[in-house]
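The numbers here are math on the coordinates, done by the rules we state, and not lab data. Keep in mind that what you see is a predicted model, and the values were worked out from it rather than measured. Counting neighbours? That spans all protein chains shown, and the Cβs are built from the backbone with ideal geometry, glycine included.
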Amino acid sequence: MSYRNPIPTVDIIIELRDRPQRPIVLIERKNPPYGWAIPGGFVDYGESVETAAKREALEETRLEVELIEQFQVYSDPQRDDRKHTISIVFIATAVGTPQAADDAKNLNRFSLWEIPENLCFDHHQILTDYRYYRDYGFRPNFTGCSIG
């Protein structure tokens, strides 16, 4: 019997703590789907999600991040047109000057109220949820979920 399982990924919301208003780092993707994205990628076999988050941040931004907390898990089967992925999203901080690397064509720092329109995947939803969390201290309330 052959099983088809979702692929685990990580996304890292990186706040630059040495900049005024703590902007976040977004990359412009070099490969499809094109557009702006939260740094992240696939978890390697034998790798923890925390290690994957630090590795992906370093590979794409040249920043060594400090993981602050696991923010949320996003698992909508339609979140990535290429395949069914589950993203574990982390909040992290870093200092220094990020540089586009690996599969990042470009990189920029953005305040949460100046996020570009052409975000990939479900990153608009993730950043909307994150802004709400940062402004009000509440995590997203996923409707339709039955927990317990």
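Structural remarks
- Mean ellipticity per residue at 222 nm, deg cm²/dmol - from DSSP H runs of n ≥ 4 across the chain, formula -39500 (n - 2.57): -6000 deg cm²/dmol
- Between the beta carbons of E66 and K30, assuming R0 = 30 Å, the FRET efficiency works out to 0.70 to the nearest 0.05.
- For the chain, built as a Gaussian network whose Cα springs stay under 10 Å, the top-fluctuating residue of G40, G96, G137: G137
- DSSP beta bridges fully contained in the chain are about 65 percent antiparallel.
- Sequence of W113, W36 once ranked by neighbouring C-beta atoms within 10 Å, starting from the fewest: W113, W36
- For the chain, diffusion coefficient by Stokes-Einstein and Kirkwood Rh (Cα), 25 °C, 0.890 mPa s, µm²/s: 156 µm²/s
- Leading residue at positive end of dipole, the chain (Cβ point charges), from N5, P23, P98: P23
- Between T93 and S75, the simple label model (points 7 Å from Cα in the Cβ direction) yields a spacing of 3.1 nm.
- Charged side chains reduced to their Cβ positions (Lys and Arg at +1, Asp and Glu at -1) give the chain a dipole of some 140 debye around its Cα centre.
- Label-reachable residues, the range 58-75, where backbone N falls under 15 Å from a point 7 Å from N106's Cα toward its Cβ: none
- Under 12 Å from the Cα of K105 - aspartates and glutamates, other chains or at least 8 residues apart: E28, E60
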